[in-house]
Amino acid sequence: MYSLTFNGWKVECHLCSDGYWKHDTVFIYNNKKTISQKEIAVILDYLYDEGFIQDRRTKYEILER
């Protein structure tokens, strides 16, 4: 698991031990009222570009704080 803050959003990457990207999940903690699809895409792009996730299509969940 990786935990980081990106653009004010707390993000956790839970990676499955089998190495298959479809089993991974990204949790984004919504500490504001709303998060747009564009902001979600920027977060996933960053995680992919920095090697935290293997695919930009990794499933994600928005969690309320």
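Taken together, the values in this text are just the output of simple stated rules run on the coordinates, not laboratory data. Quick caveat: nothing in here was measured; it's all calculated off a predicted structure. With ideal geometry, Cβ positions are generated from the backbone for all residues, glycine too; neighbour counts draw on all protein chains shown.
Pairs are defined by a Cβ separation below 7 Å, a sequence spacing of at least 6 or placement on different chains, a first member in segment 49-60 that is in contact (Cβ under 8 Å) with a residue 12 or more places away in the chain and surrounded by 15 or more Cβ atoms within 10 Å (Cβ to Cβ), and a second member that is of a type outside the set (Ser, Thr, Tyr) and in a strand (DSSP E or B); the pairs so defined are Phe52/Cys13; Ile53/Cys13; Ile53/Val26; Thr58/Val26; Tyr60/Val26; Tyr60/Ile28.
When only residues in segment 33-54 that are under 11 Å from the mean Cα position of the chain (by Cα) and in a loop (DSSP other than H, G, I, E, B) count, which is nearest to Gly8 (Cα to Cα)? Out of the qualifying residues, it is Phe52.
Each residue in segment 20-65 was checked for being of a type in the set (D, E, K, R), farther than 17 Å from Asn7 by Cβ and in contact with a strand residue (DSSP E or B) (Cβ under 9 Å, 6 or more places away or on another chain), and 5 of them qualify.
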